[in-house]
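Peer 1: The structure is given below, and queries will be raised subsequently.
The values are calculated or read from the model by the stated rules, or taken from the named source; none is laboratory data. For clarity, every value in this text was computed on a predicted model and none was experimentally measured. Ideal geometry is used to build each Cβ from the backbone, glycine not excepted, and the neighbour counts take in all protein chains shown.
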């Protein structure tokens with residue numbers, strides 16, 4: 001049987017809502033993608049600080065399994081050799097011969113990893129608040145999966161390998177800032193090279209800038225930044241190029257989770273999120289429900305109209321003249 005209908009005064013039929021359909025819609029509502037909310041500054045500062053502290057704590061708490069990490073590095077090096085792509089050693093030595101270039105790369109490796117990432121987060125917060133939470137979710141998820149990689153697959157960087165001629169450029173040129181070499185190396189897990197978060201974070205920042213920036217030169221820089229980072233991590237012997245592949249995989253997982261959570265990629269979300277109070281003001285006062293129209297008398301048939309006219313004529317007495 002079909003749904004019951006009601007007839008309006010204009011003779012149009014409207015379907016009565018079926019209660020089962022309403023219940024189904026309610027259940028579907030629980031599975032709807034989350035809508036973005038406007039970020040709160042104090043919460044974001046606290047979240048970033050606590051998250052980075054937790055990331056550093058977990059990363060550095062992973063057991064430094066030196067023997068296994070060196071075995072894994074040897075396997076990576078041999079695998080790249082079988083592919084004909086074991087170029088890191090020659091590239092590291094060539095760049096190290098140009099002092100001003102390798103010193104600049106050392107500082108690049110030590111600083112831009114944090115400066116650019118935080119800068120992009122601040123830019124998103126100020127200029128794209130509607131996309132901020134989703135894009136931040138990508139970054140945090142990527143980092144979380146990287147921690148799993150550090151635990152499951154300890155890997156020594158090329159500069160710590162035995163029997164190879166990689167140059168530890170920070171030690172040789174006595175630059176500051178890097179926690180991978182020098183006096184700060186004891187504060188960081190030296191065998192957490194796979195995946196490379198220098199690549200994961202730089203590619204996240206580059207894609208975000210390329211997707212959302214309106215200035216052409218900024219979009220070009222967004223594409224150049226992760227490529228330059230790849231050059232730096234290989235030239236300084238801090239990573240194999242396969243570590244970069246691991247960073248890309250973690251980032252892809254981050255984007256997949258954001259897509260599942262919000263129903264759209266972060267860059268496709270609205271740029272701004274309106275506050276509930278503002279939405280109410282834009283809508284204006286709620287419309288009052290119209291009072292039901294007065295009932296309309298049903299039209300009479302032609303026979304009843306004729307009989308009523310005859311009765312009325314009989315009741316009227318026209319006076320005679322004369």
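Peer 1: Just to check your reading of the model, which residue among 314, 274 is surrounded by fewer than 17 Cβ atoms within 10 Å (Cβ to Cβ), in a helix (DSSP H, G or I) and at pLDDT below 95?
Peer 2: Answer to the check: 314.
Peer 1: Which condition number does residue 38 fail, the rest of (1) at pLDDT 70 or above; (2) more than 20 Å from residue 194 (Cα to Cα) being met?
Peer 2: That leaves (1) as the condition not met.
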